[in-house]
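Chemist: Okay, here's the structure, questions in a sec.
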Amino acid sequence: MVRVSTCVGFDLDMTLIDPRPGMVVAMDRLAEESGLPLDGERFAAHLGPPLDEVLRGFGAPEERIPALVARFREIYPELVIPRTVALPGAVEALAAVRGLGGRTLVVTGKYARNAELHLRALGWVVDTLVGELWSTGKAAALTEHGADVFVGDHVGDIRGALAANAIAVGVTTGPCGKRELLDAGAHVVLESLAEFPAWLAEHSSRADVTPGGAPGSGRANPTPSRVE
């Protein structure tokens, strides 16, 4: 195994952590307070898009959305943080990057302050955390921090990785299945982060080839995963 100087980015919700139980409670609390038909179970089953988009999808009046977002962020630390757990392989995935001399980057659509609270509650230290970016918007942070790889559970994460010319690694721990992630352009799809250290070790041993095949860039040319 070789050591590589690289940056690996990770999405947060349903990639590194499972916040669904608290998300149900928080959204249902918001529904109770606002009198709007918000559905915590439905929300938690489709985590990924920004909160304002979610609220629009529930039919929230546009003029009420800023206050609803602010209130959700306010109740989040009490209702969501304590109910959140790490997903299988998350700790080991972060450690695998560091073990190869790499940097860890978390890029999430979540409000950055609450994302930081999650990391703190789990005792995780990452090199960089960037919040409030979604889909291709994540490419700005991935490019700025030189991410070679981005790992996520949603097709939006795959689009962000591709927009940043990073290797797109999908995990099926969130709302998107393997076929959906591959169709979005994922170079490889893993069942969970438990498989990531082995994939990264193989990737690092081929790290002189870009996704397009150009030598010397520090990026591997992964073999696309196939649906079985």
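Chemist: If you check every pair at least six apart or on different chains, which have Cβ atoms under 7 Å apart with a residue in the range 105-120 that is over 20 Å from SER135 (Cα atoms) first and a residue that is of a type in the set (Val, Ile, Thr) second?
Modeler: From the range 105-120, the pairs are LEU117/ILE81; HIS118/ILE17; HIS118/ILE81; HIS118/THR84; LEU119/VAL126.
Chemist: Can you run down the residue pairs with Cβ atoms below 9 Å, 6 or more apart or on separate chains, where the first is in the range 64-76 and farther than 23 Å from PRO21 by Cβ and assigned by TED's automatic domain parsing to the domain that holds ASP52 and the partner is polar (S, T, N, Q) and assigned to a helix (DSSP H, G or I)?
Modeler: ARG64/SER34; ALA67/SER34
Chemist: Then there's this: Quick one: which helices (runs of 4 or more DSSP H) sit completely within the range 1-81 and have at least 1 residues that are closer than 29 Å to ARG159 by Cα, of a type outside the set (A, V, I, L, M, F, W, C) and in contact with a Lys or Arg (Cβ under 6 Å, 6 or more places away or on another chain)? Don't jump to the end; show me each part of the working.
Modeler: Working: elements: 20-34, 40-45, 51-57, 65-79.
By residue number, 20-34.
Chemist: Residue pairs, Cβ under 8 Å, 6 or more apart or interchain, first in the range 125-141 and of a type in the set (S, T, N, Q), second not in a helix (DSSP H, G or I). List them.
Modeler: THR128/ARG103; THR128/THR104; THR128/LEU105; THR128/VAL106; THR128/HIS145
Chemist: Within the range 166-178, is there a residue that is surrounded by fewer than 24 Cβ atoms within 10 Å (Cβ to Cβ) and on the phi > 0 side of the Ramachandran plot?
Modeler: no
Chemist: Follow-up. Evaluate the following for ALA31: is it of a type in the set (Gly, Ala, Ser) and within 15 Å of the chain's Cα centre (by Cα)? Steps first, answer last, please.
Modeler: On the way: of a type in the set (Gly, Ala, Ser): yes; within 15 Å of the chain's Cα centre (by Cα): no.
No: the conditions fail for ALA31.
Chemist: May I ask you to verify whether ALA60 is among the aliphatic types (A, V, I, L, M), at pLDDT 95 or above and assigned by TED's automatic domain parsing to the domain that holds TRP124?
Modeler: Numbers: among the aliphatic types (A, V, I, L, M): yes; at pLDDT 95 or above: yes; assigned by TED's automatic domain parsing to the domain that holds TRP124: no.
No.
Chemist: Follow-up. Six or more apart or on different chains, Cβ atoms under 7 Å: show the pairs whose first residue is in the range 84-98 and without any contact (Cβ under 8 Å) to a residue 24 or more places away in the chain and whose second is part of a loop (DSSP other than H, G, I, E, B) and not basic (Lys, Arg).
Modeler: Hits for this filter: zero, empty list.
Chemist: So, one more: What is the number of the single condition among (1) surrounded by fewer than 18 Cβ atoms within 10 Å (Cβ to Cβ); (2) more than 24 Å from VAL91 (Cβ to Cβ); (3) among the polar types (S, T, N, Q); (4) modelled with pLDDT of 95 or more that SER135 does not meet?
Modeler: (1)
Chemist: Take the range 95-116 and flag every residue that is within 15 Å of ASP13 (Cα to Cα) and surrounded by 17 or more Cβ atoms within 10 Å (Cβ to Cβ). Walk me through how you get there before you give the answer.
Modeler: Our first condition is that a residue be within 15 Å of ASP13 (Cα to Cα); within the range 95-116, this holds for 105-116.
Hits for the range 95-116 are LEU105, VAL106, VAL107, THR108, GLY109, LYS110, TYR111, ASN114, ALA115.
Chemist: To continue, here is another question. When you go through (1) in the same structural domain as VAL126 (by TED's automatic domain parsing); (2) at pLDDT 95 or above; (3) of a type in the set (Gly, Ala, Ser) one by one for GLY101, which number turns out not to apply?
Modeler: The number of the failed condition is (2).
Chemist: Could I ask something else about it? What number of residues within the range 144-168 satisfy the criterion of being closer than 20 Å to GLU191 by Cβ and of a type outside the set (Phe, Trp, Tyr)?
Modeler: Looking only at the range 144-168, we keep the residues that are closer than 20 Å to GLU191 by Cβ, and these are 149-158, 161, 167-168.
Add one more test, that the residue is of a type outside the set (Phe, Trp, Tyr), and what stays is 149, 151-158, 161, 167-168.
Residues flagged as closer than 20 Å to GLU191 by Cβ and of a type outside the set (Phe, Trp, Tyr) within the range 144-168 amount to 12.
The values are calculated or read from the model by the stated rules, or taken from the named source; none is laboratory data. Only a predicted model underlies this, so the values are computations on that prediction, with no experimental measurement involved. Note that each Cβ is placed from the backbone with ideal geometry, even for glycine, and that neighbours are counted across all protein chains shown.
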